[in-house]
Amino acid sequence: METVTRVRIEVLADAPLVSRVVAALHKAEVHGHTVLPVLSGSGRGGSWSEERLTDAESKRLIVAIGSREHAASFVDAVGPLLESHGMLLTLSDVQVVRGDRF
């Protein structure tokens, strides 16, 4: 089967920001996404784990795949939120089958 190159978008964000990230994906015409719970991790601020009383500081990983142009549009849309809300955004090239779906 033939594959095409697309961009995998991953955003690590606090749970209350998921709807804003998803709205930015849709505005950038990246229509498919998956939201996964994140249980623990570590970063510049040290280790953390999901032992909170509320969902306000729970982390989620939003994963999507789109064209290079749509991914760039998404980055422009969420750029201001990265610093102000401490989100992590990564982009990587991936090979997909049925590239017309992305």
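The values are calculated or read from the model by the stated rules, or taken from the named source; none is laboratory data. Quick caveat: nothing in here was measured; it's all calculated off a predicted structure. Methodologically, a virtual Cβ is constructed for each residue, glycine included, from the backbone with ideal geometry; neighbour enumeration extends over all protein chains shown. We work out accessible area using only protein heavy atoms, side chains counted, and drop any ligands, DNA or RNA first. Shrake-Rupley method; radii C 1.70, N 1.55, O 1.52, S 1.80 Å.
Odds and ends about this structure:
- Backbone phi angles across the range 73-82, fed through the Karplus curve with coefficients 6.51, -1.76 and 1.60 (θ = phi - 60°), yield HN-Hα couplings of 5, 5, 4, 4, 5, 9, x, x, 7, 4 Hz in residue order; Gly and Pro are listed as x.
- With helices as the sole contributors, the chain gives -8500 deg cm²/dmol at 222 nm; each DSSP H run of n ≥ 4 counts as -39500 (n - 2.57), and the sum is divided by every residue.
- Calculated on the Cα set of the chain, radius of gyration then Dmax: 14.5, 48 Å.
- Positive minus negative residues near Ile62 (Lys, Arg vs Asp, Glu; Cβ under 13 Å): +2
- Note, ³J(HN,Hα) from phi for the range 12-22, Karplus 6.51, -1.76, 1.60, rounded to Hz, x at Gly and Pro: 9, 9, 5, 3, x, 8, 4, 5, 5, 5, 5
- Taking the accessible area of the chain, probe 1.4 Å, and keeping the other protein chains in place, the carbon and sulfur fraction comes to 52%.
- Ordering of 67-77, 26-36 by packing is 67-77, 26-36, highest average first (other Cβ atoms within 10 Å, averaged per residue).
- Accessible solvent surface per residue of the chain, calculated while the other protein chains remain in place, 1.4 angstrom probe, Å²: 65
- Segments 1-12, 90-101 sorted - mean Cβ within 10 Å per residue, highest first: 1-12, 90-101
- Summing charges over all other residues whose Cβ lies under 14 Å from the Cβ of Ser84, with Lys and Arg as +1 and Asp and Glu as -1, gives -1.
- Based on Cα contacts under 8 Å between residues 6+ apart, the chain shows a relative contact order of 51 percent.
- Farthest positive-ward along the chain dipole, Cα basis, beta-carbon charges - from Val96, Leu17, Gly43: Val96
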